[in-house]
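The values are calculated or read from the model by the stated rules, or taken from the named source; none is laboratory data. Remember, it's a predicted structure, so these values are computed and weren't measured experimentally. Don't worry about glycine lacking a Cβ; one is built from the backbone with ideal geometry, like all the others, and counts go over all protein chains shown. When the accessible area is computed, the model is the full protein with side chains, heavy atoms only, and any ligands, DNA or RNA have been set aside. Shrake-Rupley method; radii C 1.70, N 1.55, O 1.52, S 1.80 Å.
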Amino acid sequence: MSCLHKYWLKEFFKFFSIIQLLILVLFVFIDYLSRMERFLNSDISMLGALGYVLLKVPFMFVQLTPASILLAAIMVFGLMNRSNELLAIRSSGISIYFLIKPAILVGAILAILMFFLGETIIPITMAKSNFIKYNVIKKTHNIYSVRKDIWIKSENRLVHINFFDPAKQSVAGVTVTSLGKKFSLESRIDAQKGYYKQGRWVFENIIEQVHAGNSMDYDVKLYDKKSIPLTFKPKDLEEVSKKSEEMSFFELKKYVSKVEDEGYDATTYKVDLNAKIAFPFICIIMVLTGAATGMRSFVKENIPAAIALGVVIAFMYWIMYGFCLSLGYGTVLPPIISAWAANLFFLCFGILYLINTE
C-alpha cells in the first residue's frame, strides 16, 4: 500500500469516527429525552430507560453508516482539494482513480461490517429492545408473540393468529375461543384469513362451533364472510409480531421458507431478506459519490456547500430506498428488484458523477 493510500485512509477514518460518534450521541440524547414522559409513566427506571435506548445503538450505527461514509469522503477529498493536494497529484501524472482504490476498499470493509452486525449483535439487541418497549413501557401484557404465532387475551376470548402480514394488515389461520364463567368452552371460530375494515375485523371461510345449552353437543355453522368484534387492532399486532431486524439473514431465509411451505404470503419478509444484502452495498456507492463531490471545483472555496450537497444526496437515497421497498411490500415490484433498485440507480449516478469530475 502506497504512502498516499495510507494517508487517505488515516484521514478518512478520523472524520468517519468523529461524524459517526457525534450522530450516535445526538441520537441517544434526543431519543432518551423525547421518551422521558413515557418512561416516567411506566415501571422502568431511568437507568433502565437509558439501557433501552443504548440497545438500539448497534442498529442505528448500521443505519447511519452510509451517510457518515458519504460525509467523511466529502471532507477528506474536499480538504485535499482546498490545500491543492489533488492538483499536485494530478500534476504528477496520477489519476484521481488511484485515490478511489482505498475508498472502494473502505466501502467494502464497512459493508461487510454492517452485514456482520446484522447477523450477530443487532438481532439480539433489537429483540431485547422491543421486549422492553412492548412489555415494560407500553405494557401490552395481553398480547404475546412466539415466532409467527400470536396469542391475544381479549375479555373472555382467547385469540390465536397463525400468521400476520404487516404490509397488508391481514391475518391468516385465526382461531377465536370464547370461554364461560368457569372457563367452559362456549364457542370456537376458525377462519382461514381476515382483514381490518372500518374499525372491525372481517374474516373469511369461517367454521363456527357454538355450545348447545347443557348438552355436550355443538352447533356448527359455515360462513363465507363474517365480521367479528375484537378489541385489538392491526397496529397492536404489528408491535408484537416478529421483526425482520430481530432475525439474521439465514434465520429470516429459513422463516420465509417455513411461511411459504404453510401456504402464506411471505412477500414482506422476502423484501426484507433481499434488503439485508442490498443495504450494506450502499457503502461502496456512497464513498464513490462522496469522492466525486469532494473533488468538484466549487468545493475548493466552499466545503460547507459540499457537505450540504452530501446531506441532500443521502436524504434522496433514503427516500428512494424506502419508496422502492414500499413497492415491494405492495407486490408492485418483485422483492429482489425493490431491494436493489435504489442501489443500482445511485451506483450509476455515482459512476457518472465521478467520470464527469475527472
message = Given the options Gly194, Phe61, Ile285, identify the residue whose Cα lies farthest towards the positive end of the charge dipole of the chain (+1 on Cβ of Lys, Arg; -1 on Cβ of Asp, Glu).
response = Phe61
request  = Would you check the accessible area of Leu344, probe 1.4 Å, heavy atoms only, in square angstrom rounded to 10?
outcome  = 100 Å²
message = At 1.4 Å probe size, what's the solvent-accessible area of Ile277? Round to the nearest 10 Å².
response = 80 Å²
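Using the crude model of +1 on Lys and Arg Cβ and -1 on Asp and Glu Cβ, and no other charge, please compute the dipole size for the chain relative to its Cα centre, in debye to 20.
Details: 38 positive and 29 negative charges, 102 e Å.
The calculation lands at about 500 debye.
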request  = Would you mind pulling out the separation of the Cα centroids of the stretch 245-274 and the stretch 287-333, in Å?
outcome  = 30 Å
task = Rank these residues by their accessible area, most exposed first, probe 1.4 Å: Cys283, Cys348, Cys3.
result = Cys3, Cys348, Cys283
key: Solvent-accessible surface (1.4 angstrom probe) belonging to Thr331, in square angstrom, nearest 10   = 80 Å²
Alpha carbon convex hull of the stretch 16-100, volume per residue in cubic angstrom = 88 Å³
inquiry  = How large is the translational diffusion coefficient of the chain in µm² per second when you combine the Kirkwood radius over alpha carbon pairs with Stokes-Einstein at 37 °C and 0.692 mPa s?
reply    = 139 µm²/s
message = Just to make sure I understand: if all protein chains stay in place, what is the order of Ser45, Ser91 by accessible area at 1.4 Å, largest first?
response = Ser91, Ser45
key: Theoretical ellipticity at 222 nm over the chain - DSSP helices of four or more residues, -39500 (n - 2.57) apiece, nearest 500   = -20000 deg cm²/dmol
query = Using the heavy atoms of the protein chains alone and a 1.4 angstrom probe, what is the accessible area of the chain per residue in square angstrom?
reply = 51 Å²
